[in-house]
């Protein structure tokens, strides 16, 4: 069994550096902000999976595992963080499946029934992928294939309840998946005023952090999302509850 454990100290950030035993991964790092877990809690990172990781099934996009055992189970004795925790995986390109586009690697969190995709950033020079989570579980780097149309575009969580601590609705932002690479997302008020616009990355994903183009955090309410890509357009609604 390959694992690392560390104890939360009062008022201190906890950093766990761990070396997995699989060929695809060279390292992982977990950064837990101060005062986000009870002092004295033990955080354990386990990277041994008997029988391998759960199957690559997600309603949020088309995914494949980076490796059958390339992942980590993070737990804190039943406690969950009250602030976003940063998780990073370092990968070895030469050990990845042939043809893997590292720009499309994302971190997934398993819910017990499927993988939910976390908005992730890839540093191709350092060979790392990083994401934030508000709930401990099983995590793995996955390869996300961008959509070829807007038919299966997903937005989650809906409603978005930042800071609520609810694992189903608390997240760093509203994520959009299954988009064509470069697809445009425009957030609008119900009255049709633009709040912010941005584009999907190579993995067909994007995130809105609830901040408008002027740098001001938006309030609770319903917002229109106008998505353009692959020669078509789609409009739907998302909700923010603060």
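Annotation for region 125-198 versus region 1-28: alpha-carbon center distance of 26 Å. One compactness figure for region 3-144 is 1.00, namely its Cα radius of gyration divided by 2.2 N^0.38 Å.
Largest GNM mean-square fluctuation across 231, 204, 173, computed for the chain with C-alpha springs under 10 Å, falls on 231. Just checking the listed ones, 23, 70, 131: in the Gaussian network model of the chain with Cα springs under 10 Å, the one fluctuating most is 23.
Does region 154-240 classify as rounded, prolate or oblate by the C-alpha gyration tensor (a ≥ b ≥ c root eigenvalues; a/c under 1.5 gives rounded; else a/b over b/c gives prolate, otherwise oblate)?
Numbers: a/c = 1.78, a/b = 1.29, b/c = 1.38.
Oblate, since a/c reaches 1.5 and b/c is not below a/b.
The spacing between region 31-64 and region 106-120, judged by their C-alpha centroids, is 9 Å.
Per residue, how much space in cubic angstrom lies within the convex hull of the C-alpha atoms of region 86-197?
Each residue corresponds to 140 Å³ of Cα convex hull volume.
Computed from the coordinates by the stated procedures, all read-outs in this text should not be read as laboratory data. Remember, it's a predicted structure, so these values are computed and weren't measured experimentally.
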